[in-house]
Every structure is written in structure tokens, then in C-alpha cells.
1. Go through the stretch 30-76 and report how many residues are part of a strand (DSSP E or B) and either surrounded by fewer than 15 Cβ atoms within 10 Å (Cβ to Cβ) or touching a residue at least 40 places away in the same chain (Cβ under 8 Å) (or both).
2. Taking the condition of being in contact (Cβ under 8 Å) with a residue 60 or more places away in the chain and in contact with a strand residue (DSSP E or B) (Cβ under 6 Å, 6 or more places away or on another chain), how many residues in the stretch 158-208 meet it?
3. Can Gly119 be described as in contact (Cβ under 8 Å) with a residue 24 or more places away in the chain, surrounded by fewer than 19 Cβ atoms within 10 Å (Cβ to Cβ) and either in contact with a Leu (Cβ under 8 Å, 6 or more places away or on another chain) or assigned by TED's automatic domain parsing to the domain that holds Asn175 (or both)?
4. How many residues are out of contact with any Lys or Arg (no Cβ under 9 Å at 6 or more places or on another chain) and within 15 Å of Asp48 (Cβ to Cβ) when one looks only at the stretch 74-92?
5. Quick one: in the stretch 128-140, of everything that is surrounded by fewer than 11 Cβ atoms within 10 Å (Cβ to Cβ) and not hydrophobic (A, V, I, L, M, F, W, C), which residue is farthest from the chain's Cα centre (by Cα)?
6. (1) under 30 Å from Ala68 (Cβ atoms); (2) modelled with pLDDT under 90: which one isn't true of Asn203, the others all being true?
7. Residue check, Lys151 against (1) closer than 29 Å to Ser73 by Cβ; (2) charged (D, E, K, R); (3) in a loop (DSSP other than H, G, I, E, B), all met but one. Which one?
Amino acid sequence: MSAAFAVASADPGAAATPVCSVAYSTVNEWAGGFQGSVTITNNGAALDGWTLGFDLPGDRKVTRGRGARWSQSGSRVTAGNETWNGSLGTGARTSVDAYVDGGRYDRRLQSGNWCTQAGAGLGERPQAAPAPGIDAYVWMKPPGESDGVGKLIPNNEGKGFDRMCDPTYTGNPRNNNHMSGALPDAPLSGQWFSAQFQELLKNAYPAL
């Protein structure tokens, strides 16, 4: 992984640039991802809280981690200390691990869009224990099952609608006011959506 790491103290009264060293190593690699480990060593005055920041190239995403509270916005990844490893005395060190998905190709207009997305494709096939540290690849719902509709369709199932399923919807603050990216003419949620299934097959990666 190519990334520039930076560590900042969580104490606003501390020096602006604590004297820390950061060492990165790749623990495991597999098709579509890897596990990376970062060791933070405090070479300066004692720290009471720290935050690690770095950028991941491309569409890589941190899917889970250990030893820190992980978050990601775009390519920027932030790891804040846990309660048990926030205090680092002079010379003390701590290690954090991140599991990174490098095989996800996100073609949504915005990451907040979720309903029956145009241009989507099937990803890795479900399988158990595909690589060290990963229990399984799974699909959360059957491919071709509709996420919902963008306008009210009379039905006896008590199902309503969601504007995020309307392809003409211009968005809201939760998706930064982007278009919804939804496919048109979707049926009620849970029903078979042939047009979506055909698109999932056409755009599958790896290809079918």
C-alpha cells in the first residue's frame, strides 16, 4: 500500500506536531484486498490520545479494523485511539490493523445512494473462508430483488415508497444533493426486477 501517514495528539494543549514514528507492514494479502498493520511509536513527551490519518489510493475501502476507531471519508482514512491504548508515554508504542478491500468498484453517483443502482454489477461470488482473516464473501440479498419504488404503487402488502428509489429525485443532504442513481420502473421491494438482474450480469466483476 502506498500512503502517507500522520499522527496527531488528541490533546489540544499538546504540541502541534508530536514526535511520533509510524511503521507500516502488510500482514496478509488475497485477491481483492489485504490486511495492513501500523505501529505508532511516541518519541516525544507523553500523549493522552492520538489520531492516525492516511489516504488510500483508488477505490480501496477499510472494511474493518482492530486497535482503533476507524472511519473513512472518500480516500481519507482516520483511526482514533481506543480507551485502552490512548495514553502513550515516551518510547511507548501501539499497533493497529486494517482490513482493506481493494476489489470494490463503486460506480454510484454518490456513496449515500442505495436503491437499485443503475450501472451496478455482481461482485465476488459467495464463498467460505476466501482468504486468511476473512470468514466469507456473501451477498446480502438475492441479485435481481428490487430495493423499492420511488412513487406510491397501490398494493396489499402495506409497502410505501422512498424518494431515493426515484430516478428523477435530486437528492438530499445525506447524499450531498446528488441524483439518486436508481433504475426506472422498479417493482415493489422484494419483487423480481428483471432489468436490474440483466444489468447485474452484464456488469459483473469478475465477469460471468
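1. Within the stretch 30-76, the first condition is being part of a strand (DSSP E or B), and the residues that meet it are 30, 33-42, 47-48, 50-55, 61-66, 68-73, 76.
Subsequent filtering for residues that are either surrounded by fewer than 15 Cβ atoms within 10 Å (Cβ to Cβ) or touching a residue at least 40 places away in the same chain (Cβ under 8 Å) (or both) retains 30, 33-42, 47-48, 50-55, 61, 63-64, 66, 69, 71, 73, 76.
So the count comes out to 27.
2. Of the residues in that region, 1 qualify.
3. Working: in contact (Cβ under 8 Å) with a residue 24 or more places away in the chain: yes; surrounded by fewer than 19 Cβ atoms within 10 Å (Cβ to Cβ): yes; either in contact with a Leu (Cβ under 8 Å, 6 or more places away or on another chain) or assigned by TED's automatic domain parsing to the domain that holds Asn175 (or both): yes.
The answer is yes for Gly119.
4. Here the count works out to 9.
5. Across the stretch 128-140, the extreme among qualifying residues is Pro132.
6. Exception for Asn203: condition (1).
7. (1)
The values are calculated or read from the model by the stated rules, or taken from the named source; none is laboratory data. From a predicted model like this one, the values you see are computed outputs, not experimental measurements. With ideal geometry, Cβ positions are generated from the backbone for all residues, glycine too; neighbour counts draw on all protein chains shown.
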